[in-house]
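First comes the structure, then the notes that go with it.
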Amino acid sequence: MNEKKKVALSSIGAAVFITGMKLIVGLETNSLGILSEAAHSGLDLIAAVLTFTAVAISEKPADEKHHYGHGKIENLSAFFQTLLLIITCAWIVWEAIERLITRSTHVEASFWGFLVIGVSIVIDISRSRALSRVAKKYNSQALEADALHFSSDVWSSSVVIVGLIFVSLDYAWVDALAAICVAFLVLFVSYRLGRRTVDALMDRVPDGIYEDVISLIKSVNNVENVKSVRLRTSGGKLFIDATIEIPRTIPFQQVHVIMDGIEKSIGRRYKNVDVIIHSEPCVSSDESVVDKVRMIVLEKGLRAPHNLEVHQVDGKYYIDFDLEHFKGKSFVEAHDLTSEIENEIRRTIPDVGKITIHMEEIQTGQAGYAREGKYTEKLKENIKEFVLSDKRVKSCSEMDIMGIGDKFNLSLTCQFDRNKTLDEVHQIISELESKIYDKFKEIRRAIIHAEPF
């Protein structure tokens, strides 16, 4: 049995004991105040039983017919307890007014009356604190309602003691007034409990949580905007559905990391929470021209453009890139799609001077094979000698040649002066690769890997 069930069950035992005491002493002393307290405590007993039942049912996991679990049973239990409180208050007020008018009932203030009320106050304070502590820990409205019942007993019992004191001084009518005070105290508790219960049943968002959740979401990096947030509570559990906007340039894997970060951020603040995050791509405020061009191409269902360069001259953008079309497209179809992309770029990016798009067909992977023999060895020697003839190349280490169809793919590792900048090394490699293509027609692709010397 978990902590919630234990505290609910112990409250049932306490309510049984207190109700029995008040009922016996009330009948013996003929005190309406004590009898009203017995009725109130009897109601607490019913409430405690309802609370224990509701807590047990609410902990059942979600199923096919209850997607949000069974937590609402706690709210229904609290609502039913409110109705019982109102009915009891009506009876107490009615009986008290009748006694004030007729003054026909004799009330006896005795030692036992004071004793039972004093004992009940001590027990009620103990149970109220225990229930409040567990209710706060697990955010349980059913336990919180039960705690309010016991708290109201403390207030009303104190009023009854005052009434009994006046009875001992031959002011019996004060007992009826004390009963009315008890009723209004209980009604006050009923109002608070009923309002919270109806709010929960109507899925009203608790004050401050909506703004807090939005703040937690926005605190996560790369969240551009919070489009919508929906909250609801079910028992002690909070359910959050949120739609956020994330820059469209962020890779899908990173988007998942962002959403996971949001869930963890909310989970650190609210312990019993279920979070669902939906992300939508958006144009961020700091998106570059290169990013805009890349996204326009991707939105057309093509691969990202390569060799993409953007230059700004006299306030105008000059854009050049290579565009790969899928196999099977005719020249006219590829050209029409390319024209659509160019027009979209001009609509999206202001001040475009010129757009140059190199069209090519996607080269699917081909099976490679090792080519060994005198021809291959001679080709390697010739390529190495040719590369080393450039004095900017300090040495060549690894060289691999792979046959692709009737041509070769070349991969080569070269060492360069460590004092050169990355841009200088890149320029040298580009020149070497271009010269290799011109010199060795059997090479279909050359890749040079640079290392510092």
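The values are calculated or read from the model by the stated rules, or taken from the named source; none is laboratory data. Treat the numbers as computed from the prediction; the structure is a model and nothing was measured. Here Cβ is always computed from backbone atoms with ideal geometry, including for glycine, and neighbour counts include all displayed protein chains. With ligands, DNA and RNA removed, areas are computed over all heavy atoms of the protein, side chains included. Shrake-Rupley method; radii C 1.70, N 1.55, O 1.52, S 1.80 Å.
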Expressed as a rounded percentage, what relative contact order does segment 197-318 have, with Cα pairs under 8 Å and six or more residues apart?
21
Per-residue HN-Hα couplings for segment 314-328, Karplus 6.51 cos²θ - 1.76 cosθ + 1.60 at θ = phi - 60°, whole Hz, x for Gly and Pro?
6, x, 10, 9, 10, 10, 10, 6, 9, 10, 9, 9, 6, 4, x
One would report the antiparallel percent of DSSP beta bridges in the chain, rounded to the nearest 5, as 50
How do Leu187, Leu43 stack up against each other in accessible area, from largest to smallest, with a 1.4 angstrom probe?
Leu187, Leu43
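Over the chain, what relative contact order in percent results from Cα pairs under 8 Å that are six or more residues apart?
10
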Once amide H atoms are built 1.01 Å from N in the peptide plane, which residues 5 or more positions from Lys227, or in another chain, come under 5 Å H to H?
Thr243, Ile244, Glu245
Quick check: the angle from helix 141-168's long axis to the longest principal axis of the chain, C-alpha only, nearest 10 degrees?
20
How tilted is helix 111-138 with respect to the longest principal axis of the chain? Cα atoms for both, answer in degrees (0 to 90, nearest 10).
10
Please list, ordered by chain and number, the residues whose modelled amide H lies under 5 Å from the amide H of Val352; skip anything fewer than 5 residues away on the same chain.
Tyr317
What angle do you read, to the nearest 10 degrees and between 0 and 90, between the alpha-carbon axis of helix 3-29 and the longest principal axis of the chain?
10
Within the accessible area of segment 308-445 (1.4 Å probe), percent carbon and sulfur
47
How long is the gain from Tyr68 to Asp203 if the chain were fully straight, where each residue apart is worth 0.36 nm and the alpha carbon distance is subtracted?
47.4 nm
Could you tell me which residue out of Val257, Asn221, Ile240 lies farthest along the dipole of segment 204-309 toward its positive end? Charges go on the beta carbon: Lys and Arg +1, Asp and Glu -1, centred on the Cα centre.
Ile240
For mean projected area of the Cα convex hull in nm², pick the label among [x] 37.5; [y] 25.9; [z] 24.2 that corresponds to the value derived from the coordinates.
[x]
Averaged per residue, the 1.4 Å probe accessible area of the chain, protein heavy atoms only, in Å², is roughly 55
Looking only at lysines whose Cα falls under 17 Å of Lys384's and that sit 8 or more positions away or on another chain, we get Lys374, Lys394, Lys435, Lys439, Lys441
Cα-based reach from Lys292 at 19 Å (exclusive), listing aspartates and glutamates while leaving out same-chain residues under 8 positions away
Glu224, Glu245, Glu280, Glu309, Asp320, Asp322, Glu324, Glu340, Glu342, Glu344, Asp351
Give me the number: length gained by fully extending Trp173 to Ser434, i.e. 0.36 nm times residue separation minus the C-alpha to C-alpha distance, one decimal in nm.
82.8 nm
Relative contact order of segment 334-453: what whole-number percent is it, with Cα pairs under 8 angstrom and at least 6 residues apart?
21
